[in-house]
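For reference, the structure is listed below as C-alpha cells.
Coordinate-derived values only; no laboratory data. Since the structure is predicted, the reported quantities are computational estimates derived from the model, not experimental observations. Counting neighbours? That spans all protein chains shown, and the Cβs are built from the backbone with ideal geometry, glycine included.
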Amino acid sequence: MTAGDVWRDWVRPARPDGAPLGGRDRRLLRTELVVVFAVTLGLSGVRSLISLLDALASPVPLDQRTTAIDQALARNPWADLAAQLAGSFALVAWGALGLYLLVRAGSGPRDIGLDGRHPGRDALGALGLTALIGIPGLGLYLAARALGLNTTVIPSMLDDHWWTVPVLIVSACANAWAEEVLVVGYLLHGLRRLGVSENRALAISAVLRGSYHLYQGFGGGLGNLLMGLVFGRVWQRTGRLWPLVGAHALLDVIAFVGSALLRGALPFLPA
C-alpha cells in the first residue's frame, strides 16, 4: 500500500462491512440517539450556545470575560467536596448509559475499543494524542484570546483544600470518560448502524463536541471541533477508544491541576 493509499484511507474511509438497520430498529435507534443526547451533551451544547449568545450581547468583550470550568459549588468545604464528587459521578453515569445501551443492542465494550487487549499500544496512543492536541490547542486558545474571540478560561477556581488535586483528577477522568464514550464510541457506532457515511458521522460528532464548549468562546468551540475531528477519525481507523479516553484525561489533568498549582504565576491565570 502506497502513502497515497494510506492518505486516502484516512481522508475518505470506506464504511465497515455490515448492512445498516432498517424499519423499526432504525427508527428506534434514531430516537434513542436523540433522547440520549437531549439529556446529556446535546443539551449541554444548547446551553453553551445560549451562554455564548448572552456573552456576545453583553457590553463586556469576550476577551475581557472569565470562564471557570471547575469552581466551588458550596460554601462548606465538606459540602463542596460532596457536590464536586456528585458532579463527576453524573458524568461517569452518562458514559455508563451509552455503554449499557450498546450492550442492550448486542454490542459491547470490545466493539468500541474499551477492552484490555492492547494496554501498551493504547497507552502510547494516549501519549501521542496528548502531544498532538495539547500543544496546538494551547496555541489556538492564546490566538483566539488575542483576537478577542475567546474568554479567559480558568480550568480550576476551587479553593485550596486537601482534596482539591484529587477531586480535579477525578473530574478530569470523568469528563474524559463521558465525552469519549458518548461522542465517539456510542455516537459513531450508532451512526454506522444507521448507514451514515464515515465522514458525515465524523462531522456530526465533531460539531457536537465543539458545541458544548462554546461557553468558552469561538476559540473553545473551534478548538474542540478540531479535536473531535482528530479523535473521531483515530477511532474510526483503529477501533480503539482507550487512547482517546487516556489522552483526554491527561489533557484535563494538566489543565485542571496546573491551573490550581500555578494560579497567579501565568499572565492568563488570576491570582
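Please report the relative contact order for the chain, taking Cα pairs under 8 Å with a sequence separation of at least 6, and give it as a percent rounded to a whole number. The partial results should precede the final answer.
Values: 345 pairs, mean separation 86.1, N = 271.
After rounding, I find 32 percent.
Using only Cα atoms and rounding to the nearest 10 degrees, what angle (0 to 90) does helix 198-211 make with the longest principal axis of the chain? Around 20 degrees separate the two axes.
Coupling constants for the stretch 247-255 follow from the phi torsions by the Karplus curve (6.51 cos²θ - 1.76 cosθ + 1.60, θ = phi - 60°), and in residue order they are 5, 4, 4, 4, 4, 6, 4, 4, 5 Hz; glycine and proline get x.
Taking Cα centre as origin and charging only the Cβ of basic (Lys, Arg, +1) and acidic (Asp, Glu, -1) residues, the dipole magnitude of the stretch 32-80 rounds to 120 debye. Ranking V196, T151, L226 by how far each Cα lies toward the positive end of the dipole of the chain (charges on Cβ) leaves V196 at the top. Calculate the length of the line joining the C-alpha centroid of the stretch 132-172 to that of the stretch 44-107, in whole Å. Measuring centre to centre over Cα atoms gives 14 Å. Proximity of backbone amide H atoms, modeled 1.01 Å from N, is registered between I154 and T67, A68, I69 at under 5 Å, excluding neighbours fewer than 5 places apart on the same chain. Counting Lys and Arg as +1 and Asp and Glu as -1 over every other residue whose Cβ lies under 14 Å from the Cβ of D54, the net charge comes to +2.
Considering helices alone, the calculated mean residue ellipticity of the chain at 222 nm is -22000 deg cm²/dmol, with DSSP H runs of length four and up weighted by -39500 (n - 2.57) and normalised per residue.
Using only the alpha carbons of the chain, what is the convex hull's orientation-averaged projected area in square nanometres?
Numbers: hull surface 64.9 nm².
Mean projected area of the Cα convex hull: 16.2 nm².
Rounded, prolate or oblate: pick one for the stretch 61-135, where a ≥ b ≥ c are the square roots of the eigenvalues of its C-alpha gyration tensor, a/c under 1.5 means rounded, and failing that, prolate if a/b is larger than b/c, else oblate.
Numbers: a/c = 2.35, a/b = 1.43, b/c = 1.65.
Oblate is the answer for the stretch 61-135, as a/c is 1.5 or above yet b/c matches or exceeds a/b.
Across the stretch 38-46, rounded Karplus estimates of 3J(HN,Hα) from the backbone phi angles (6.51 cos²θ - 1.76 cosθ + 1.60, θ = phi - 60°) give 5, 10, 10, 6, x, 5, 4, x, 5 Hz, Gly and Pro being marked x.
Averaged over all directions, how much area does the convex hull of the C-alpha atoms of the stretch 62-206 cover when projected, in nm²?
Numbers: hull surface 45.7 nm².
Mean projected area of the Cα convex hull: 11.4 nm².
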